[in-house]
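The values are calculated or read from the model by the stated rules, or taken from the named source; none is laboratory data. Not measured: the values here are computed from a predicted model. Here the Cβ positions follow ideal geometry from the backbone for every residue, glycine too, while neighbour counts run over all protein chains shown.
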Amino acid sequence: MPCQTSKLRRLSRQLIRQLGLLHTTNDNQLLSPVQAHTLIELGQHSYSIKQLAEMLNIDKSNASRAVSKLIEKGLAKTSANPKDNRSLMVHLTTKGRQQQRKLDERQNQQFSEIMAQLPQEQISQIESSLSHYNKAVKRAKTQTGYHIRTITAEDNAAIAQIIREVSAEYGLTADKGYGVADPTLDSLSEVYTADNACYWVVEHQGQILGGGGIAPLSNQPGVCELQKMYFLPALRGKGLARRLAIQAFNFATTQGFSACYLETTANLIEAIALYESLEFQHLAAPLGNTGHDACEICMLLKLNS
């Protein structure tokens, strides 16, 4: 993974440089990259400085400076915000729209020339890959301060309590045969000690907020099982369940597994949507004998070797 990360970083740097994103735009108007991107966004709509900062992924002070420079150059102006009298709306002037159109024309020409080097199939692949990359970048930003690490004995009580709380939240009671009834629930660090098994917890500011594990599926050679994926509400919506699952798949692949199995229930709507987005396929019948008879949904994912 470090080697792959280094390569992607290098390719990202090269792409930024090749597209000229480090250059100023000189067409009778000297614009910094931030000013140019601000101009482009304002060509689509009028925005407040706060909105521009969010769209450009910069702090509000940088967005304010970029707008001030555009105003100085006669490319933008401000007006009262009808929805918030504490802020102003930024608009392009006639001169600004002319400059924005020139920027668009230049970029359209640049990308037309780039696309002319590639067959349609590769263009579609690039679009799909960049879309995934962009989503990954956004998810990573929401996960700052959250850490996924291997479980220790000190985590046992916390993760057992989380599993009980989340199970109760969704009505997955022990008497119905769900995972919360497992006798090993309070000692998960001991359960996942084999070389081909692992359990990870998600930690934030010293607090355990969720976890999930992987282990061989009994009597199914080459198949592992994604187990005990439970997240507290505070952890949801940040893409960490996807990240943990992908980490588990990567681990499983290094251990020689060719497929990953899981069992869940219709109550866990969000979990099912996640598994389907990860390309798990629904099965007509369960594999192995997990002992979780109440889990009526069985799914399988083919792992890349």
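What the table below lists for this structure:
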item: Within region 185-293, helices (runs of 4 or more DSSP H) holding 3 or more residues that are more than 22 Å from residue 155 (Cβ to Cβ) and under 17 Å from the mean Cα position of the chain (by Cα); result: 269-277
item: Close pairs from region 208-229: first closer than 18 Å to residue 250 by Cα, partner crowded, with 23+ Cβ neighbours inside 10 Å and polar (S, T, N, Q), Cβ under 8 Å, at least 6 apart; result: 212/227; 213/227; 214/227; 215/227
item: Any hit, region 280-294, residues being at pLDDT 95 or above and closer than 26 Å to residue 144 by Cα; result: no
item: Filtered residue count, region 122-159, keeping only those that are among the small types (Gly, Ala, Ser), within 27 Å of residue 187 (Cα to Cα) and assigned to a helix (DSSP H, G or I); result: 3
item: Subset of region 175-202 (residues that are at pLDDT below 90 and among the small types (Gly, Ala, Ser)); result: 177, 179, 181
item: Close pairs from region 256-284: first touching a residue at least 24 places away in the same chain (Cβ under 8 Å) and surrounded by 12 or more Cβ atoms within 10 Å (Cβ to Cβ), partner assigned to a helix (DSSP H, G or I) and not hydrophobic (A, V, I, L, M, F, W, C), Cβ under 8 Å, at least 6 apart; result: 262/275; 264/275; 274/242; 278/242
item: Count of residues meeting criterion [at pLDDT 95 or above and of a type in the set (Asp, Glu)] in region 254-278; result: 1
item: Residue match in region 127-148 (condition: assigned by TED's automatic domain parsing to the domain that holds residue 237, farther than 15 Å from residue 231 by Cβ and of a type in the set (D, E, K, R)); result: no
item: Total residues in region 220-249, condition among the polar types (S, T, N, Q) and modelled with pLDDT of 95 or more; result: 1
